[in-house]
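What follows is a short report on a single structure.
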Amino acid sequence: MGVSFCNRWSQSWSRVDQGFQTVGWFVLEMVFSTSSDGSNRTR
């Protein structure tokens, strides 16, 4: 019982982790692009 629950939890968590990685990279790119634009403007 506990093993099956752990397996199901790890599977769903890996799916969530993939989604977070995709969204995280998207946000990081946006932040870095905006911050670089701002530094270029100030410079």
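Quick notes
- HN-Hα J in Hz across the stretch 12-27 - Karplus 6.51, -1.76, 1.60, θ = phi - 60°, x for Gly and Pro: 5, 5, 4, 5, 5, 4, 4, x, 5, 4, 4, 5, x, 5, 4, 5
- The modelled label-to-label distance for the pair Trp9/Glu29, using points 7 Å beyond Cα in the direction of Cβ, is 3.4 nm.
Readers should treat all values here as calculations from the given coordinates under stated rules, not as data from a laboratory. In this text, all values refer to a predicted model and were calculated from it rather than measured experimentally. When we count neighbours, we look across all protein chains shown, and the Cβ atoms used for this are built from the backbone with ideal geometry, even at glycine.
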